[in-house]
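**Q** The structure under discussion is supplied below as structure tokens; questions concerning it will follow.
Each value in this text was obtained by applying a stated rule to the coordinates, not by laboratory testing. A quick note: this is a predicted structure, and the numbers were derived from the prediction, not measured. Note: ideal-geometry Cβ built from the backbone for every residue, glycine included; neighbour counts use all protein chains shown.
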Amino acid sequence: MVTEPEIAGTLQAETNPGRAAEKLAALANERGGPDNITVVIARAEKDSNGWFLWLRRGARKNPDSNGNVGGN
């Protein structure tokens, strides 16, 4: 319903992620979106500590089990 160039243009023009998501969903609806419309926007920023810092602290004690991510 919405082309990649349109998505990129919307994200460049609208710096607020919530408003960008609303605009993209509205555009898809205007074009006759046949089903539920989902928009996910994520912003990646450089983190001086590294995003996976919690993983390096040894949070995952037992690699063979599903535990709480990032918990001690």
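**Q** Place the peptides 13-24, 31-42 in order of packing, highest mean first, counting for every residue the other Cβ atoms within 10 Å and averaging per peptide.
**A** Output ranking for 13-24, 31-42: 13-24, 31-42.
**Q** For the range 1-47, go through all pairs of different Cα atoms, get the mean of 1/r, take its inverse, and jot down that Kirkwood value in Å.
**A** Result for the range 1-47 stands at 11.3 Å.
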